[in-house]
Amino acid sequence: MDLRWLANLRSATPAVAMPVTLVDLLRAALPDGNAVASLEQEVKLLLDAVAVRTVSSGRWALWAILEACKRVRAGDEVIVPAYTCPTVGLAVIAAGLRPVPCDVSYEDFNIAPEKIEALINDRTVAVVAAHMFGTPCDMDLLRRLSEDASILLIEDAAQAAGARYKGRLVGSIGDAACFSFGRGKNWRALEGGLAVAKDPRVGKALDLVCKALPRVSTLQPAVTFCKMVATVLGSQPQAWALLRHLPFLGIGQEATSMGDPAAQLESWQARLSHQKFAVLRQLNVQRQKAADMIKQALADRPLRWQSVRPDDTGAYVRLPVVIEDSTYRAHVMDKLRNLNIDVSPFYSRPLYRYDWWPTTSVHECPNAEVLPRQMC
C-alpha cells in the first residue's frame, strides 16, 4: 500500500462549504421547543411560500414534494436532469414514480429547457430543475414550459441555498422546492432537509405528507448528536487526511439508496440549521470571491468553467471545471491531489447508468454522457 500521502497529513483540507464547530453543536443542543416552527416560519416568509416543512434529509424533502405533487397532478412520470445527484432519481422512484431523463446543457450543466418539451406527455407530473453546484437554472424558460404543459415545476436547491436567479432567491420561483442541510452542502447542519411549496394545492398535500412522518425515537437525538460530533472532528484537516483514505468509511462515495427512513427533523437539528442560516449569505459571497480569484489565476489554461448568467448569483458549493483533453485532465487532477485538494468528477455517470435505474429504454443524452469524463 502506498502511504506517501501520510507526509501531507497536516495540510489536507476537506471540501466543506460551511464550517460547523463543536461550539455550534453545543449551542444547538440547548432546549428549544419552538426550533422547528421558528425555522419553518422564517423560510416561509423569506420565500413567500404557502407551506414549509422540515424533514430528516434533503432527499426525503424531495420525496415529500413528489408525494404531494402526485396527489395534485395525475400521472406517473417525472422529468429529471440526466446528470445530477443520484438521490434525485432515487427520490422519484421512492415516491412510486418513473424518472424520465433529460439531457443537460454543456455550458451550465443544468437541465436543458429546449430538450424538455419533447419529453412531456399526459403522464408527466412534474419536472425537477436541479441548480447544479449552486448555479441557477434558466427559470424563465422552465416556468413557461411547465405552465404551458400544466405540469409542476420543482426546484432542487440542495446545492444552491442563497443563490439568485435575476435577483430572486432560488426556491421561490417554482411550484415547490427542496433544500438540504447535508454535510456537503452550503447550508450545512450536517443532516436534515426542507420541503417548500409555493402552489397552494401542493402546500396542502405537503402538510399531510409531512405530518404523517414518524418522530424519532427517544434515544435517536443522542445517537445523531454523537454522529455529528464525530463528523465535526473528522472534518478537521489532519483527521480528514487520514479518514478519507479508509475505504470502509465510504467517504466521497455516491449515494445508492435513500438512507435511513424518512422522519421529522429533530429540534436540535432545526436549531443548528437556523444558526447556520445567519451566516449563509456571508459564506456564499466569500466562496464567489474565491472562485473569481481561481478563475483569474488560471485564465491562460485550457479550462472551461461552469457558465453563470450575468444577472444570476451562484452559491458556489463546488467549482467544477471541464477539461476536454483527457491527458491534461489527469495531470491536473494528480497535481491537485498531491496538494491534498479534494478533486473528483463529482457524479461519475448519467442517472440512467446506475444499477438502481428502472429497466426502461432511454433516449440519447450526449452531454450527460461526456461531462463525467471531462469534469473535475
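Values quoted throughout were computed directly from the atomic coordinates according to the rules given, and no laboratory measurement underlies them. Quick caveat, the model's predicted, so the values are computed rather than measured. Glycine gets a Cβ as well: all are built from the backbone with ideal geometry, and neighbour counts include every protein chain shown.
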For the chain, the dipole about the Cα centre with charges only on Cβ (Lys and Arg +1, Asp and Glu -1), to the nearest 20 debye, works out at 1000
Relative contact order of the chain (C-alpha contacts under 8 Å, at least 6 apart) in percent is 27
Which of LYS198/LYS276; LYS185/LYS211; LYS198/LYS227; LYS289/LYS335 exceed 29 Å between C-alpha atoms? The answer is LYS198/LYS227
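Just the number, please: percent antiparallel of the DSSP beta bridges in the chain, rounded to the nearest 5. Display every interim value, and only then the final one.
Details: 18 of 37 bridges.
Counting only bridges with both partners in the chain, antiparallel ones make up about 50 percent.
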Helix-only [θ] at 222 nm, the chain, -39500 (n - 2.57) per DSSP H run of 4+, per residue, nearest 500, equals -11500 deg cm²/dmol
GNM on the chain, Cα springs under 10 Å; top mean-square fluctuation among PRO81, PRO310, PRO19 goes to PRO310
For the stretch 108-231, averaging the sequence separation of alpha carbon pairs under 8 Å that lie six or more residues apart and dividing by its residue count, the contact order in percent is 16
For THR54, THR327, ascending order of other Cβ atoms within 10 Å (fewest first) is THR327, THR54
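Pull up the DSSP beta bridges for the stretch 84-170 and report the antiparallel fraction as a percent, rounded to 5. All intermediate terms of the calculation are to be shown ahead of the outcome.
Details: 3 of 8 bridges.
Among the beta bridges of the stretch 84-170, antiparallel pairing accounts for roughly 40 percent.
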Expected max-MSF residue from TRP357, TRP268, TRP63 in the GNM of the chain (alpha carbon, under 10 Å) is TRP357
Ranked on Cβ counts within 10 Å of their own Cβ, fewest leading, ILE120, ILE65 go ILE120, ILE65
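Using a 10 Å cut-off around each Cβ, can you sort LEU283, LEU319, LEU298, LEU190 from fewest to most neighbouring Cβ atoms? If you can, show how the numbers build up before the last one.
Values: LEU283 19, LEU319 16, LEU298 13, LEU190 25.
With the sparsest Cβ surroundings first, the list reads LEU298, LEU319, LEU283, LEU190.
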The stretch 323-376: relative contact order from alpha carbon pairs under 8 Å, six or more residues apart, as a whole percent, is 50
Out of SER146, SER235, SER344, a Gaussian network model of the chain with alpha-carbon springs under 10 Å gives the largest mean-square fluctuation to SER344
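For the chain, rounded, prolate or oblate, judged on the Cα gyration tensor with a ≥ b ≥ c (square roots of eigenvalues), a/c < 1.5 rounded, else prolate if a/b > b/c?
Numbers: a/c = 1.56, a/b = 1.10, b/c = 1.42.
Oblate, because a/c is 1.5 or more while a/b does not exceed b/c.
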